[in-house]
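The values are calculated or read from the model by the stated rules, or taken from the named source; none is laboratory data. Treat the numbers as computed from the prediction; the structure is a model and nothing was measured. Cβ sites come from the backbone with ideal geometry, for glycine too, and all protein chains shown count toward neighbours. Just so you know, the surface numbers come from the protein's heavy atoms only, side chains and all, with ligands and any DNA or RNA stripped out. Shrake-Rupley method; radii C 1.70, N 1.55, O 1.52, S 1.80 Å.
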Amino acid sequence: MRLLGLLMLAALPVSAADLVLADHGQSEAVIVVSADAGTWEKRAADDLRRCVQLMTGAALPLVATPAAGPCLLIGRAALADDPTLRAALDRVAKRKPVARADAIALRRRGNRVLLAGNNDESHYYAVSALLQQWGCRWYLPTEFGECVPEVARLVVGDLDRAYAPPFEIRHYWLSWNADATGADEFRRRNFMTETSLPGMGHALGQYTARLVPPGKTLFNVPLSEDATADEVAARIDADYARGVAGISLAIEDGDYTSDSARDRQLQAGLRDKYTLQPSNTDAMLTLYNAVARRLRAKYPNSPTRLGGMAYANVTIPPQQVSTIEPNLVMWLAPIDIDPNHGIDDPNSPPRQEYGAMLDRWAKVTDGRLVIYDYDQGQLVWRDLPNPSHHAFASDVRHYRQAGILGVGTESRGASATTFLNLFFRGQLMWDPDAKVADLLAEFYPKFYGPAAAPMAEYWNTIYAAWEQTLVTEHEVFAAPAIYTPELLKTLRTRLGEAQSLVAPLRSKPNPSRLERQYVERLRFTELSFEVIDSYLAMVRAAATDADYATAAAAGARGLAAREALTDTNVTFTTYRKIGEAGTAWWPGEVQQMRDLLARTNGTKGTLVARLPLTWSFRRDPHDTGLARGWAYQEADLGDWRARGEKLSLDDRRLFADGWEPLRADLYLQAQGIRHADRQSYTGHYWYQTPLELTAAQAAGPVHMLFPGLFNEAWLYVNGTLVAHRTYSEPWWRNDYAFEWDVDLAGRLRAGRNLVTVRGYCPHHFGGMFRRPVLWRP
């Protein structure tokens with residue numbers, strides 16, 4: 001919904017029916033706000049006054065009673081002036097809400113503009129709706145993201161509209177110690193709220209700690225046993241009896257297991273393919289229902305709601321439990337299910353599976369379901385843009401159709417990564433029919449001014465790459481598949497054009513407020529591009545060229561650019577507050593490049609040879625290659641040349657039986673290695689390459705180093721198995737270095753060698769992503 005009504009800016013002619021609020025810095029209008037206004041009602045009045053002054057130069061007084069001239073009445077003052085507004089709000093507000101129903105009404109009556117909601121925050125939403133009709137936008141927290149136009153005349157025409165959003169829950173919280181500067185206002189300006197329901201935060205462990213067997217972790221709990229329900233119910237009994245708003249029983253952050261026979265019966269041998277663990281959904285819901293049932297029977301008049309979470313190996317919908325107790329709500333947290341695509345995207349079977357799970361969970365919970373959303377898909381990212389609005393715009397319409405309660409987003413609040421993700425979430429949760437393309441079309445001129453055209457091409461290029469990618473995996477390893485050299489070339493060109501257009505403003509001695517903002521925003525984009533460019537230069541130098549000196553230097557440049565970006569605005573990144581220890585984080589990855597350099601530049605070892613960049617590759621989903629001798633039979637690419645070379649990246653999934661060329665600098669799924677139905681490839685696979693060595697190269701203590709390799713693997717040299725690599729799945733259970741170093745002393749020979757790697761990928765992310773090398777300690 002976009003509030004209709006004629007709300008006009010200066011360039012439009014004024015009719016006799018229009019109410020003029022400000023004209024060339026002059027105004028007779030006042031803002032009326034009740035003396036006993038609520039917190040957000042009062043802030044709405046202050047924000048309206050501030051924005052009108054920025055737009056027109058006119059300072060509208062704040063008064064408690066209407067005057068004879070034009071009046072903007074807010075909240076209680078509006079409802080007192082026109083009691084029929086209450087009926088208009090009641091007509092559109094959700095009946096019998098679980099948490100809270102929001103609604104707003106905007107009405108023009110003569111020289112009065114009435115702006116009200118059905119609660120304190122909704123009064124603010126009504127004012128924000130008017131300001132947005134006047135062209136104001138808040139794309140990011142703090143003044144940096146605020147776009148308030150400058151106009152000579154501000155008028156209001158016909159206006160009579162009431163609206164209520166489809167979702168009760170529309171909020172985000174800041175994780176990983178993100179900076180919260182400006183977040184409160186940003187939420188409300190984009191129709192988001194703090195309203196939530198229990199179950200969003202991990203909490204179960206504090207109530208089950210006494211049930212954990214000796215020597216076990218808090219995840220080892222007999223979930224479905226009566227004793228567990230008795231214990232949990234007893235621990236929360238007093239709070240439930242007192243009628244606290246909500247009690248979270250959300251599972252802890254991990255996969256639950258136990259030795260309970262009843263749990264195993266409810267698991268029924270089913271496994272959660274996303275976590276590679278037994279599915280514990282029925283066992284967990286049995287616990288939740290048992291606790292809820294006990295407390296509801298004991299305290300039938302208590303308003304308290306219990307909250308649970310479908311997360312980790314409790315994500316697959318229940319197969320035996322078909323309902324939940326009426327005093328229970330659930331959160332669905334699809335943490336590892338393709339965040340890059342929407343539910344309707346044919347390139348993403350995992351997201352389609354998520355859509356089916358959503359529908360089933362909505363039915364089981366009778367709509368008492370909230371989505372635990374993530375505004376970017378990476379556990380550890382690199383401050384590169386990670387847009388997700390294209391996927392959310394699709395999914396939010398499914399959420400509305402499923403009749404769920406809403407969405408709560410976990411955000412890093414790092415604008416260099418999330419950029420417009422939260423803005424779009426706020427707008428789309430308020431109105432799922434809002435058009436992203438239209439919102440973007442108005443964004444570029446508002447945000448970048450004279451640089452709007454090249455910046456539109458810049459960001460739309462990034463957005464298209466994410467929207468069109470076939471990558472369903474997430475995490476930093478996906479970056480080179482999306483930020484390709486061709487994409488970076490386009491970004492560099494468009495950034496240069498933008499710099500030329502903004503250059504006159506940078507040299508202007510007294511820039512206006514808007515001009516200063518255009519300069520600041522382009523500087524943000526320049527530093528953001530330097531981060532992107534430097535990180536991808538580091539990745540490609542190491543992965544493609546095995547040039548670790550260049551990689552380390554590029555990484556250092558990127559980290560310096562990131563420091564400058566953070567100095568500009570602390571909300572752009574989060575790393576300073578969370579700390580970055582280990583290879584998982586960017587400084588640790590740069591250190592890994594330095595360590596690899598030391599092994600090859602004479603410090604700790606010397607480089608003997610770079611193995612080929614392109615290997616022969618074969619899928620082996622039925623594990624037939626071991627029996628057929630693929631370890632020692634040379635690969636034949638004849639079938640690939642006959643029918644594979646013409647295949648597009650998308651259609652490469654159809655080449656399922658034969659050897660094919662594959663690069664060693666990018667994991668296999670990102671190169672089109674998928675199942676025919678577009679599922680990410682899982683199963684066994686084989687890499688093979690010939691390797692020509694001189695006698696000097698083959699002699700002595702030579703190691704083969706795989707600097708980036710996923711999965712359990714077996715290495716064959718000249719047909720003989722020489723090493724086996726164990727590996728914990730899923731991939732995030734590893735050290736993020738993903739190295740495998742094999743001592744091949746006495747295994748290599750002068751002349752031609754045949755190197756074969758057999759791997760097994762049970763999950764997404766498979767194969768090599770950095771080119772192997774031979775080195776000598």
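What the table below lists for this structure:
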item	result
Residue ID - nearest to residue 24 (Cα to Cα), chosen from residues in region 64-79 that are touching a strand residue (DSSP E or B) at 6+ places or on another chain (Cβ under 9 Å) and exposed (fewer than 15 other Cβ atoms within 10 Å of the Cβ)	69
Conditions (1) in contact with a strand residue (DSSP E or B) (Cβ under 8 Å, 6 or more places away or on another chain); (2) in a loop (DSSP other than H, G, I, E, B); (3) of a type in the set (A, V, I, L, M); number of the one not met by residue 774	(2)
Region 28-49 - residue that is within 17 Å of residue 113 (Cα to Cα) and without any contact (Cβ under 8 Å) to a residue 40 or more places away in the chain and, of those, farthest from the chain's Cα centre (by Cα)	49
Any hit, region 419-427, residues being among the small types (Gly, Ala, Ser) and under 17 Å from residue 395 (Cβ atoms)	yes
Within region 113-125, considering residues that are more than 28 Å from the chain's Cα centre (by Cα) and buried (at least 20 other Cβ atoms within 10 Å of the Cβ), the one nearest to residue 43 (Cα to Cα)	123
Some residue of region 532-542 being assigned to a helix (DSSP H, G or I), hydrophobic (A, V, I, L, M, F, W, C) and within 24 Å of residue 443 (Cα to Cα)	yes
Matching residues, region 172-183, being part of a strand (DSSP E or B) and either surrounded by fewer than 20 Cβ atoms within 10 Å (Cβ to Cβ) or of a type in the set (Gly, Ala, Ser) (or both)	173, 174
Whichever residue in region 307-344 is in contact with a helix residue (DSSP H, G or I) (Cβ under 6 Å, 6 or more places away or on another chain) and acidic (Asp, Glu) and, among such residues, is most open to solvent (accessible area, probe 1.4 Å)	344
Single match in 567, 595 (criterion: closer than 25 Å to residue 704 by Cα and either modelled with pLDDT under 95 or surrounded by fewer than 23 Cβ atoms within 10 Å (Cβ to Cβ) (or both))	595
Criterion (open to solvent by 20 Å² or more (accessible area, probe 1.4 Å) and part of a helix (DSSP H, G or I)) met by exactly one of 635, 627, 561, 554	627
Test result for residue 289, assigned to a helix (DSSP H, G or I), closer than 25 Å to residue 175 by Cβ and of a type outside the set (A, V, I, L, M, F, W, C)	no
From the options 204, 218, 211, residue that is open to solvent by less than 40 Å² (accessible area, probe 1.4 Å) and under 18 Å from residue 308 (Cβ atoms)	204
Some residue of region 67-88 being part of a helix (DSSP H, G or I), in contact with a Phe, Trp or Tyr (Cβ under 8 Å, 6 or more places away or on another chain), over 20 Å from residue 47 (Cβ atoms) and modelled with pLDDT of 95 or more	no
Unique match (being under 24 Å from residue 670 (Cα atoms) and open to solvent by less than 40 Å² (accessible area, probe 1.4 Å)) among 726, 756	756
Some residue of region 126-138 being closer than 30 Å to residue 303 by Cα and either of a type in the set (Val, Ile, Thr) or crowded, with 21+ Cβ neighbours inside 10 Å (or both)	yes
Flag for residue 610 being open to solvent by 40 Å² or more (accessible area, probe 1.4 Å), out of contact with any helix residue (DSSP H, G or I) (no Cβ under 7 Å at 6 or more places or on another chain), among the basic types (Lys, Arg) and modelled with pLDDT of 95 or more	yes
Single unsatisfied condition, residue 230 versus (1) assigned to a helix (DSSP H, G or I); (2) within 30 Å of residue 449 (Cβ to Cβ); (3) not aliphatic (A, V, I, L, M)	(2)
Residues within region 644-671 that are under 23 Å from the mean Cα position of the chain (by Cα) and assigned to a loop (DSSP other than H, G, I, E, B), tallied	2
Any helices (runs of 4 or more DSSP H) falling wholly within region 452-521 and containing at least 2 residues that are more than 18 Å from the chain's Cα centre (by Cα) and of a type in the set (A, V, I, L, M, F, W, C)	452-468, 485-506
Matching residues, region 566-596, being without any contact (Cβ under 8 Å) to a residue 60 or more places away in the chain, in contact with a helix residue (DSSP H, G or I) (Cβ under 6 Å, 6 or more places away or on another chain) and within 14 Å of residue 539 (Cα to Cα)	590, 593, 594
Some residue of region 356-378 being of a type outside the set (A, V, I, L, M), touching a strand residue (DSSP E or B) at 6+ places or on another chain (Cβ under 9 Å), outside any loop (DSSP other than H, G, I, E, B) and open to solvent by less than 10 Å² (accessible area, probe 1.4 Å)	yes
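Conditions tested, residue by residue: (1) touching a Gly at 6+ places or on another chain (Cβ under 9 Å); (2) closer than 21 Å to residue 194 by Cα; (3) not acidic (Asp, Glu).
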{"site": "400", "(1), (2), (3)": "no, yes, yes"}
{"site": "403", "(1), (2), (3)": "yes, yes, yes"}
{"site": "406", "(1), (2), (3)": "no, yes, yes"}
{"site": "434", "(1), (2), (3)": "no, no, yes"}
{"site": "451", "(1), (2), (3)": "no, no, yes"}
{"site": "464", "(1), (2), (3)": "no, no, yes"}
{"site": "474", "(1), (2), (3)": "yes, no, yes"}
{"site": "480", "(1), (2), (3)": "no, no, yes"}
{"site": "489", "(1), (2), (3)": "no, no, yes"}
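Listed here are the residues, each with its yes/no results for (1) open to solvent by 10 Å² or more (accessible area, probe 1.4 Å); (2) part of a loop (DSSP other than H, G, I, E, B); (3) among the acidic types (Asp, Glu); (4) farther than 23 Å from residue 142 by Cβ.
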{"position": "395", "(1), (2), (3), (4)": "no, no, yes, yes"}
{"position": "401", "(1), (2), (3), (4)": "yes, no, no, yes"}
{"position": "404", "(1), (2), (3), (4)": "no, yes, no, yes"}
{"position": "410", "(1), (2), (3), (4)": "yes, no, yes, no"}
{"position": "416", "(1), (2), (3), (4)": "no, no, no, no"}
{"position": "423", "(1), (2), (3), (4)": "no, no, no, no"}
{"position": "426", "(1), (2), (3), (4)": "no, no, no, no"}
{"position": "432", "(1), (2), (3), (4)": "no, yes, no, yes"}
{"position": "437", "(1), (2), (3), (4)": "yes, no, no, yes"}
